Amino acid sequence: MASVVESIDVKVPVSTAYNQWTQFEDFPHFMEGVKSVTQTGDTHLHWVAEVGGAEKEWDAEITEQHADERIAWNATSGAENAGVVTFHRIDDDTSRVTLQMDVDPEGLVENVGTALGFLDRRVKGDLEKFKEYIESRGAETGSWRGDVEAPAQR
């Protein structure tokens, strides 16, 4: 399992950054290799992306979501992956977005790419593109302010 953690400061209020991140179907605008994200319910997403030169599809479930604070997910099909994105208020007009992901690379190409730091660079690049996307717009394209509670541990 490969882990990556990256943060970026964006010049928008925390609610704007969070609201934009809830617009999953906009991810192809700022995530390299993501061809589409289809929201199939409040907590379910279907992803299509190019990874290591091959098209991959998987489903993910949002396991926890709290407005202006965090969104956590895990894959329910396809390659194993999970993560959390958190939103932190720096001041009224600046937010820090931190993305933490755990990914299980599949096959030789993905394992070599991960070993060479491609995943870290891609996540960093995606956050930089998110910053450009939201700052150039100055406003979110939509929002979902619902709450999803993490399942109780047994």
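The values are calculated or read from the model by the stated rules, or taken from the named source; none is laboratory data. For clarity, every value in this text was computed on a predicted model and none was experimentally measured. Every residue, glycine among them, receives a Cβ derived from its backbone with ideal geometry; neighbour counts consider all protein chains shown.
Structure above, values below:
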| quantity | calculated |
| --- | --- |
| Evaluation of Ser95 against (1) buried (at least 19 other Cβ atoms within 10 Å of the Cβ); (2) assigned to a helix (DSSP H, G or I); (3) small (Gly, Ala, Ser) (one fails), failing number | (2) |
| Condition broken by Lys56, with the remaining ones in (1) touching a Gly at 6+ places or on another chain (Cβ under 7 Å); (2) part of a helix (DSSP H, G or I); (3) among the basic types (Lys, Arg) satisfied | (2) |
| Top-ranked residue in region 23-53 [being among the aliphatic types (A, V, I, L, M) and without any contact (Cβ under 8 Å) to a residue 24 or more places away in the chain; ranked as nearest to Glu132 (Cα to Cα)] | Val34 |
| Of all residues making up region 33-47, the number that are in contact with a helix residue (DSSP H, G or I) (Cβ under 9 Å, 6 or more places away or on another chain) and either part of a strand (DSSP E or B) or at pLDDT 95 or above (or both) | 8 |
| Candidate set from region 103-133 (those that are touching a strand residue (DSSP E or B) at 6+ places or on another chain (Cβ under 6 Å) and within 20 Å of Phe30 (Cα to Cα)); member that is modelled with the lowest pLDDT | Leu119 |
| Residue among Asp42, Asp68 that alone is over 13 Å from the mean Cα position of the chain (by Cα), surrounded by 15 or more Cβ atoms within 10 Å (Cβ to Cβ) and not small (Gly, Ala, Ser) | Asp68 |
| Options Thr22, Thr76, Thr86: the member that is among the polar types (S, T, N, Q), surrounded by 16 or more Cβ atoms within 10 Å (Cβ to Cβ) and under 24 Å from Thr114 (Cα atoms) | Thr86 |
| Residue within region 102-114 that is in a strand (DSSP E or B) and within 19 Å of Val5 (Cα to Cα) present | yes |
